[in-house]
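**Student:** Submitted below is the structure of interest, expressed as structure tokens.
The values are calculated or read from the model by the stated rules, or taken from the named source; none is laboratory data. This is a predicted model, so every value here is computed, not measured. Using ideal geometry, Cβ is built from the backbone for each residue, glycine included, and neighbour counts are taken over all protein chains shown. Only protein heavy atoms, including side chains, enter the accessible area calculation; ligands, DNA and RNA are left aside. Shrake-Rupley method; radii C 1.70, N 1.55, O 1.52, S 1.80 Å.
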Amino acid sequence: MMAYTIRRLILAMPTLLVMLTAIFVLVRLVPGDAASVILGDQASTEALAALRTKLGLDRPLYVQYLTFLGDVFTGNLGMSMSTGRSVIHEMLTVLPSTIELTLAAIAVGLIFGLPLGIAAALTRNGWIDYVSRIVSLVGLSFPAFVSGILMLIVFAIQLGWFPVLGGAASGTDFADRMRQLALPALNLGIIMMAYVMRVTRSAMLGILTEDYIRTARAKGVGSSQLVLQHALRNSLIPIITIVGLYFGTLIGNSVLTEIIFNRPGLGKLIVGALNARDYTLLQGLMIIFAFCVIIVNTLTDLAYGLVDPRVKYE
């Protein structure tokens, strides 16, 4: 297992380099001048030139790129142009909220998606199967910003079951935090639930027709043991895959969700950095997102080896 882990980590390095290069190029394609944003439109030409020199924006592009890579691999993401604080500090202030929302959304997707997918496979072409497929279709049909606004109007404003603002303040008790987290997590978790349900149903339908399942059933293995220990376990690889792939989609949807529900988070912070033309903060946050995606994809690959021992020997 150790050799398999090292091999997966080595294979992740080229992906990381490509993503860092893409971030470096994309940030510099953002319209606007960072020095003009910081000093204002009334700044003199000399002041603008001095600030560009201080920020390193006057150096050749390849020099900026090599310096950028060196800073990233030494853990230096720079200082925010708009606040003057380090990018790491800005990120750490909102990271707990983003992690909380992400984990809650994944939990919602798995808690509802797995049972629906299993039930749909066991009752193929029955009413439970049709209801589950309709639910998944509805989840895939609504964009995150549409479902978020609808939830906010119905459950927060009209019914008053949940607070309008989804950002939990520090010091609030656990129950209040869960009420404030419920709608944003449900909004993000609906799409994941739909994907998990469909993948689970498809995988289970294929597994339930295998010979070893029929043999186990003929030997008198109970239904719950047959489903959970034999069928579901061997269906986990596509389910793990969709969870890992959805993490990237979750990051994109979290931007809209944090804005709609007024939650602090990395998504909302990156939009603020884009509006302020804060290139350093924008670049640093995109790097954090890239690292998160690569780490999750690597953990997904490692999970394959744990679920199916044949994977790590291929």
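**Student:** Dividing the convex hull volume of the Cα atoms of segment 69-135 by its residue count, what figure in Å³ per residue is obtained?
**Tutor:** 150
**Student:** Which FRET efficiency value, to the nearest 0.05, is calculated for residue 141 and residue 174 with the Förster distance at 22 angstrom and r the Cβ-Cβ distance?
**Tutor:** Efficiency computed from Cβ-Cβ geometry: 0.05.
**Student:** Stretch residue 202-residue 61 to full length: gain in nm at 0.36 nm per residue minus the Cα-Cα span?
**Tutor:** 45.9 nm
**Student:** Would you mind working out the accessible area per residue for the chain, using a 1.4 Å probe, and quoting it in Å²?
**Tutor:** Each residue of the chain exposes 53 Å² on average to a 1.4 Å probe.
**Student:** Per DSSP H run of at least 4 residues, take -39500 (n - 2.57); add these up for the chain, divide by its residues and hand me the 222 nm value, nearest 500 deg cm²/dmol.
**Tutor:** -24000 deg cm²/dmol, from helical runs alone.
**Student:** Which length gain, in nm to one decimal place, applies between residue 294 and residue 88 when the Cα-Cα distance is subtracted from 0.36 nm times their residue separation?
**Tutor:** Full extension of this stretch gives 72.3 nm more.
**Student:** What's the whole-number percent of alpha carbon pairs in segment 234-314 lying beyond 19 angstrom?
**Tutor:** 50
**Student:** At each listed q (0.07, 0.10, 0.11 Å⁻¹), what is the log10 of I(q)/I(0) that the Debye formula gives for the chain modelled as equal alpha-carbon point scatterers?
**Tutor:** Log10 of I(q)/I(0), two decimals: -0.38, -0.72, -0.84.
**Student:** Over the chain, what is the relative contact order in whole percent, taking alpha-carbon pairs under 8 Å and six or more residues apart?
**Tutor:** Value for the chain: 28 percent.
**Student:** What's the carbon and sulfur percent of segment 147-254's accessible surface, probe 1.4 angstrom, rounded to a whole number?
**Tutor:** Carbon with sulfur: 63 percent of the solvent-accessible area.
**Student:** Residue farthest toward the positive end of the dipole of the chain, with Cβ of Lys/Arg at +1 and Asp/Glu at -1: which of 117, 187, 143?
**Tutor:** Of the options given, the answer is 117.
**Student:** Using a 1.4 Å probe on the protein chains only, how many percent of the accessible area of segment 62-142 belongs to carbon and sulfur?
**Tutor:** Summing carbon and sulfur atoms, their accessible area is 73 percent of the total for segment 62-142.
**Student:** Would you list the membrane-span-like helices of the chain, meaning whole DSSP H runs whose alpha-carbon atoms span at least 24 Å along their axis and whose mean Kyte-Doolittle value is at least 0.0?
**Tutor:** Those that pass (Cα extent of 24 Å or more, hydropathy at least 0.0) are 2-28, 87-122, 174-208, 236-260, 279-307.
**Student:** Right, here's the next one. Quick one: Cα convex hull volume of segment 186-273, Å³ per residue?
**Tutor:** It comes to 90 Å³ per residue, whole-number rounded.
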